[in-house]
Amino acid sequence: MLSLRKGIEKGLALVVELVCRWPLTILLSSIVLAIASAYIAYKDFAVINNTAQLLEQNSAVSRNYMQLEKEFGTDELYLILIQSPDIQRNREVANKVGKYLETLKPFVERSYYKIDFSKLDNRFLFLLPMEDLQMMERELATQAQALTKAPPKLNFNAALEEANRSFDDKYLRKSENWKEFIPFIEQFKDILNRLADRLEGAKKPAPKPAAATGGKAFDQYQDVNAALQEHEYISFDQGRSVLVLGMRGQLETDSVSPFSKTVQSIRTYLAELGKEYPDVKLGLTGQPVLSDDELQTSTHDTEVASIITLVLIGGLFFFSYRNLERPLYALAALAIAIMWSLAFTMVVVGHFNIISFAVIPMVLGIGIDFGIQLLSRYEEELGREGIPRNALLHSLQNTGVAIITGGTTTAIAFYTLCFNQFVGLRELGAIAGSSILFCIVATLVVLPAIFYLRDRNRSREVLLTHGVNSNWGSFAGVDRVLTSRPRTVLWVSVLLTVLSVWGIFHVKFDYNLLNLQNPKLDSVRVLHEVFRVTDNSTLYASVVAKDLDEARELEKKLTALPSVSRVDSITALLPIDQEAKMPVIRKIAATMAAVQVAPVSQEKIDPARVKVSLEQLLESCREGVKQAKKFEKISKRARQASDVLGGLIPPLERASKAIAGLSPDQLNRRLNRAQEEVFGSMQRNLVWLKKQRVDRPIELADLPDTLLHQFVSPSGKVLLQVYAKKDIWERNANVEFVDELRTIDPNVTGTPVQNYEYIGLLRDSFLSAAVWAFVAISVIIFLHFQNVKYTALAILPLVLAVAWRTGIMGWWDIEFNPANIVTLPLIIGIDVAYGVYIVERFREDGRFQLFETSTGKAIIMTGLTAFFGFVSLLVSRYRGMHSIGLLMSMGIAIGMITTIIVLPQILRLLAQKRGKQHPVNGSASLEPAKD
């Protein structure tokens, strides 16, 4: 295996020979290739912004979801929340918003804002339970005689006078009249209560009066038109909150986000509409909006973080090199590598995706490390001899080999992402891994050519001064401090590692995607408000039935599941027992056919007559109760009369008292308003009952078009939307929900199922990638050193860094999530290089003193550049990106500590044990450790 390293060294020596012979040719060729690559990247540049294309299309979960989209459209919805105390204004705004969404086709497939039940209006009785229909039919039969009389005038004057006439003692002595009188009085009591409420000026509507026919069965279905209109809109909180839905249509292909223009259009429209309706609160949310806000926020935050990173790195370079000229050479080589990478991506992969698009900043952060390492070593070697050719040869055959090893391990860490079921991650792994290799080539070929072109004609004296001026010789004293107590440092390290073990076993994974969002975003706040007003999540699972019969059976089973809150479908509008209801409904229709319905009287109310009638009724009731109480002990009817008549006294007293306190104008306005409310609903109910049709049951064609589009596919399949009782954004609730649904339908699909499958798979994929990355880099490092001891020493800082970082996460309750789980393989690829550089230098000349050579400076420089790149992400408002910045910053910082502080202690003890000393530039003799 020694021949492997020798082979690499010979290859690098050949590179030096070529660079020194044709430096300008190599540089110009690289630039031309970079320009050609930039042209290819510009011409063919493409970003796949559809998250569905990031998944394995052949999986059962993906096939089920794609079939759902094909049959019914997507379950991704734009949600517009409309809120105000004024119900009518809410509906007016909903109409405008819904119509506007229809203008956004094809990016909004269809809108749901108003459901037209008019085709169901004359067959509504088929929707009532059989028990209610039978009760209604019995009540109509008992009042058939009264209903078929000449229609009464529907106003308060006539009703009160009719009530007074009904108190005739001779009339009520007859048993059949008394039976009719009782239900009349019950409904009349409701009328009086409504009248008293209005006269008292109550703002909140009282319970609606029973229908003109009276009876308990009618109490539930009074003023049916109003009831249907109430359900025309997706409203909550008694109409004070209304939702308008827009189904996501085609994706935008000319932007990184597939929803940006649509979201911006809707927001602009809502802002203008808000000026027209300043009293109405408008909010936009939904999965497309959340996705777009996530991308927009992360993009903006990345731009801010990039500026912060550039400022920090620029300051670091200027401090370290006392000018920016030399670091710019490394940046130039890196830029060339980036151009190559972009062209490779467009030619081989064909596109970026919304995950792999993050390769560019990652490669910038990692690729610059190679240039810094080579630059530092080159200037150290230049300061020794002042000969560029020799400096390049020594640098490439030592640090160059370490760069190949460190870079290869990083590339391998990325390539391990290729072995999972996510297309998006596979593409990320392929692009990132290849980009790292391009960076290695640019660092070892292009950068040396730049160095040689710069230095070949300079005098030896200038080069010697130049090289010495670049070293961190003044930091040599740091080595003595760092390695003065090696055993103490190692025991502390052991203690920290033991403590970390407890933390490792207490690290959690947060599956809730909402926790990645910026909680201050308007779309996130609106979504939580939707949760509040609907008392439910916006997520639902989709179950597809082949026909109505299967849909009814599935709905019955699904509703019985403990985790299911409700099931939405059209089955409730197509009752299975319609044929059984037909005879009962025909009897109701036959009775109503003989009923004449008078219009609500337009006569002006005579307040004086109303006052007199109320006083007469009150006196009659009081007298009736007084007389009934005399015979309560011996007569059942007397007890009944006492209760019935006594129930009328409170509303009559309230109404009389209210009238006494009102001016004539106030009394007139309130009486007319009450008359329209009470008798208007009576008249509408009677008319509605008369027009009920019984020629056939309700059919699919009778249902609202909006519901048909939503729940019935062109092929006749039926959709059931299943909602959970618990918050299924949370993992445990979602697992319980999906597991139970799969016992009924293994092919259940929708966002809950995708979250169930893919977030867990994402976590497992990155864990697996981290394991394979560690195995692969261990093999690579072993091939590099060809020595188990050196391999273990090189890997040790990485192992400690991962253990300590993960332990801290457990102790400080920092959770992994679907965004920051990517740091597992990434930190392995970054941290491992530091140990390789130090052990390589130790093997080369026996030095453990990092700052006597360029190694310490290079590691600090590379570590800080990477650290700055990720710590700048802490300014991000997007929690997912913030958490990536936090974990990567912790990992890099801890990796630098384990590399710069812990590893040299072991190397010192090894050097002390061997009794070897390698003084350079007058360094002091090796002193015994103080501990």
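Results, tabulated for the structure shown:
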| read-out | value |
| --- | --- |
| Leu558, sole failed condition from (1) under 21 Å from Asn755 (Cα atoms); (2) out of contact with any Gly (no Cβ under 9 Å at 6 or more places or on another chain); (3) modelled with pLDDT under 95 | (3) |
| Candidates Leu270, Leu312, Leu328 - the one that is of a type in the set (A, V, I, L, M) and under 25 Å from Arg532 (Cα atoms) | Leu270 |
| Per-region count, region 520-541, residues buried (at least 16 other Cβ atoms within 10 Å of the Cβ) and farther than 17 Å from Lys726 by Cα | 4 |
| Some residue of region 873-895 being surrounded by 24 or more Cβ atoms within 10 Å (Cβ to Cβ) and more than 32 Å from the chain's Cα centre (by Cα) | yes |
| Ala589 assigned to a helix (DSSP H, G or I), in the same structural domain as Met135 (by TED's automatic domain parsing), in contact (Cβ under 8 Å) with a residue 12 or more places away in the chain and among the small types (Gly, Ala, Ser) | yes |
| Residue in region 676-699 that is in contact (Cβ under 8 Å) with a residue 24 or more places away in the chain and farther than 30 Å from Leu128 by Cα present | no |
| Residue within region 76-92 that is touching a Ser or Thr at 6+ places or on another chain (Cβ under 9 Å) and modelled with pLDDT under 90 present | yes |
| Any chance Ala701 is crowded, with 17+ Cβ neighbours inside 10 Å and small (Gly, Ala, Ser) | no |
| Checklist (1) hydrophobic (A, V, I, L, M, F, W, C); (2) more than 18 Å from Thr571 (Cβ to Cβ); (3) under 23 Å from the mean Cα position of the chain (by Cα); (4) assigned to a helix (DSSP H, G or I) applied to Trp688, failing item | (3) |
| Verdict on Leu104 being modelled with pLDDT under 90, at negative phi and crowded, with 17+ Cβ neighbours inside 10 Å | no |
| Test set (1) in contact with a helix residue (DSSP H, G or I) (Cβ under 9 Å, 6 or more places away or on another chain); (2) farther than 19 Å from Arg198 by Cβ - Arg673 fails condition number | (2) |
| Matching residues, region 586-600, being crowded, with 19+ Cβ neighbours inside 10 Å and modelled with pLDDT of 90 or more | none |
| Filtered residues of region 547-576 (kept if within 22 Å of Thr74 (Cα to Cα), part of a loop (DSSP other than H, G, I, E, B), of a type outside the set (Ser, Thr, Tyr) and in contact with a helix residue (DSSP H, G or I) (Cβ under 7 Å, 6 or more places away or on another chain)) | Ile570 |
| Members of region 21-51 that are over 50 Å from the mean Cα position of the chain (by Cα), surrounded by fewer than 17 Cβ atoms within 10 Å (Cβ to Cβ) and assigned to a helix (DSSP H, G or I) | Arg21, Leu24, Thr25 |
| Residue within region 293-307 that is under 28 Å from Leu444 (Cβ atoms), touching a Phe, Trp or Tyr at 6+ places or on another chain (Cβ under 8 Å) and part of a helix (DSSP H, G or I) present | no |
| Region 461-500, residues that are surrounded by fewer than 13 Cβ atoms within 10 Å (Cβ to Cβ) and at pLDDT below 65 | Asn469, Ser474 |
| Residue that is outside any helix (DSSP H, G or I) and either under 29 Å from the mean Cα position of the chain (by Cα) or surrounded by 14 or more Cβ atoms within 10 Å (Cβ to Cβ) (or both), where the choices are Asn95, Asn90, Asn64, Asn58 | Asn58 |
| Selection count, region 351-407, where residues are touching a Gly at 6+ places or on another chain (Cβ under 6 Å) and over 30 Å from Leu428 (Cβ atoms) | 3 |
| Any hit, region 734-744, residues being touching a Phe, Trp or Tyr at 6+ places or on another chain (Cβ under 8 Å), more than 30 Å from Ser565 (Cα to Cα) and not basic (Lys, Arg) | no |
| Residues located in region 532-546, provided they are out of contact with any helix residue (DSSP H, G or I) (no Cβ under 7 Å at 6 or more places or on another chain) and among the aliphatic types (A, V, I, L, M) | Val533 |
| In region 240-272, the residues that are assigned to a helix (DSSP H, G or I) and either surrounded by 17 or more Cβ atoms within 10 Å (Cβ to Cβ) or of a type in the set (Phe, Trp, Tyr) (or both) | Ser260, Thr262, Val263, Ile266, Tyr269, Leu270 |
| Number of the exception - Ile355 against (1) under 18 Å from Ile827 (Cα atoms); (2) surrounded by 24 or more Cβ atoms within 10 Å (Cβ to Cβ); (3) among the aliphatic types (A, V, I, L, M) | (2) |
| Of all residues making up region 648-701, the number that are modelled with pLDDT under 80 and among the small types (Gly, Ala, Ser) | 3 |
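The values are calculated or read from the model by the stated rules, or taken from the named source; none is laboratory data. Note that this is a predicted model, so its numbers are computed, not measured. FYI the Cβ positions are ideal-geometry reconstructions off the backbone, even for glycines, and counts take in every protein chain you see.
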